[in-house]
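Q: Have a look at this one.
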Amino acid sequence: MFEGISGSLLDPESLYAGNIGLFHSPELKGLNMLVGFTGFADAGHVVRQVNAELLDALDAETMAVFDADQLIDYRSRRPQISFVEDHLEDYKAPVLALYRLYDGLGQPFLLLAGFEPDLQWERFARAVLGIVETLQVKLVTWIHSIPMPVPHTRPLGVTVHGNRPELVEGISTWKPTVDVPAAVGHVLEYRLSEAGHPVAGYVIHVPHYLADAEYPPAAVAALEYLGAATALMLPTDRLREAGREVGRQIAEQVEASEEVRQVVANLESRYDDKAEGQVRRSLLADENDELPDADELGAAVEAYLARKDVRP
């Protein structure tokens with residue numbers, strides 16, 4: 001299963017403390033698992049918004065909490081704490097946990113959400129694989145987002161990968177062959193696939209000039225893709241409303257600057273030219289047209305990551 005890994009790994013189950021009663025509940029067998037790690041290439045803060053919306057809007061129960069002290073390099077990613085005049089308060093300890101949630105129709109599902117581990121990736125992957133096997137997870141789906149040289153005025157694109165052809169084929173708007181910096185989600189998908197577990201990943205394309213700010217429309221797209229893959233009704237209303245407000249703000253800024261208008265117009269022209277006149281369909285439609293090439297993606301991602309010396 002883990003060919004090519006020399007030596008023995010520490011017990012992966014000791015990476016987390018779990019609710020034993022829930023883990024052995026028949027009701028939790030065969031559910032879908034959604035996964036979102038913050039801290040790596042989270043353009044538009046998509047993963048952060050999705051995790052927050054799911055945990056805030058839905059009924060959630062904690063099933064397991066991972067040991068942050070074993071997984072985080074605190075010197076490179078320092079948690080926030082508030083200094084209030086003469087004392088400290090509101091220490092925001094990093095959290096990575098597994099939750100049971102219920103969607104809008106009362107269907108249960110699992111959510112693995114929180115910081116991306118800095119350390120012990122293989123041990124962490126084995127821990128999650130063990131949970132997947134114990135709970136007989138039906139499908140693992142995960143999301144992340146990257147900056148792309150595309151305009152905000154056109155439908156958001158996505159790149160889909162995994163071992164479920166019915167979830168992958170005909171959906172990606174861009175299908176490159178390119179070397180990219182790995183995330184723990186990639187390693188987890190790779191190990192799950194090696195072990196024969198169904199897995200699919202969704203990369204949401206965020207306009208590169210909006211990558212450093214919260215971009216709710218991209219979070220809505222992520223939730224719609226996840227919901228479609230798992231047949232879950234996931235909450236999007238608050239994010240849609242936030243997206244409308246962000247859209248108004250962007251429109252005002254574009255209108256106020258000739259330079260910005262020209263940048264957006266150039267991206268629109270380039271996007272439309274590469275679409276070759278095809279009618280763009282809905283978010284979940286079958287789209288096969290390719291847009292940016294590998295060099296352009298590499299440049300966009302590298303520039304974005306270069307600004308992320310300290311990851312949130």
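Q: Is there a residue in region 259-277 that is touching a helix residue (DSSP H, G or I) at 6+ places or on another chain (Cβ under 7 Å), modelled with pLDDT under 90, of a type in the set (S, T, N, Q) and over 15 Å from Thr141 (Cα atoms)?
A: There is no residue in region 259-277 that is touching a helix residue (DSSP H, G or I) at 6+ places or on another chain (Cβ under 7 Å), modelled with pLDDT under 90, of a type in the set (S, T, N, Q) and over 15 Å from Thr141 (Cα atoms).
Q: State yes or no: is Val158 at pLDDT below 95, in contact with a helix residue (DSSP H, G or I) (Cβ under 8 Å, 6 or more places away or on another chain) and among the aliphatic types (A, V, I, L, M)?
A: When the stated conditions are applied, Val158 passes them.
Q: Hey, among Ala68, Ala52, Ala57, Ala43, which residue is touching a Pro at 6+ places or on another chain (Cβ under 6 Å) and under 22 Å from Pro207 (Cα atoms)?
A: Among Ala68, Ala52, Ala57, Ala43, only Ala43 is touching a Pro at 6+ places or on another chain (Cβ under 6 Å) and under 22 Å from Pro207 (Cα atoms).
Q: Suppose we filter region 20-43 for residues that are outside any strand (DSSP E or B) and either out of contact with any Phe, Trp or Tyr (no Cβ under 6 Å at 6 or more places or on another chain) or modelled with pLDDT of 95 or more (or both); how many remain?
A: Residues in region 20-43 being outside any strand (DSSP E or B) and either out of contact with any Phe, Trp or Tyr (no Cβ under 6 Å at 6 or more places or on another chain) or modelled with pLDDT of 95 or more (or both): 15 in total.
Q: I'm checking my understanding of the structure. Among residues of region 42-54 that are closer than 15 Å to Pro94 by Cβ and touching a residue at least 40 places away in the same chain (Cβ under 8 Å), which one is surrounded by the most Cβ atoms within 10 Å (Cβ to Cβ)?
A: Val47
Q: Something else about it: For region 74-103, which residues satisfy the criterion of being farther than 24 Å from Gln136 by Cβ and touching a residue at least 40 places away in the same chain (Cβ under 8 Å)?
A: Ser76, Arg77, Arg78
Q: I'd like the full set of residues that are within 16 Å of the chain's Cα centre (by Cα) and part of a helix (DSSP H, G or I), limited to region 191-227.
A: Pro216, Pro217, Ala218, Ala219, Val220, Ala221, Ala222, Leu223, Glu224, Tyr225, Leu226, Gly227
Q: How do the strands (runs of 3 or more DSSP E) wholly within region 61-158 filter down when requiring 1 or more residues that are within 20 Å of the chain's Cα centre (by Cα): which remain?
A: 96-102, 108-115, 139-148
Q: Oh, and also: Find all pairs meeting these conditions: Cβ atoms under 7 angstrom apart; at least six residues apart or on different chains; first residue within region 176-194 and touching a residue at least 60 places away in the same chain (Cβ under 8 Å) and more than 15 Å from Ser145 (Cα to Cα); second residue aromatic (Phe, Trp, Tyr) and in a helix (DSSP H, G or I).
A: From residues that are touching a residue at least 60 places away in the same chain (Cβ under 8 Å) and more than 15 Å from Ser145 (Cα to Cα), the pairs are Val187/Trp121.
Q: Could you grab me the full set of residues in region 198-213 that are surrounded by fewer than 21 Cβ atoms within 10 Å (Cβ to Cβ) and modelled with pLDDT of 95 or more?
A: Pro198
The values are calculated or read from the model by the stated rules, or taken from the named source; none is laboratory data. The structure displayed is predicted, hence computed values, not measured ones. Please note: Cβ atoms are built from the backbone with ideal geometry, for glycine as well, and neighbour counts cover all protein chains shown.
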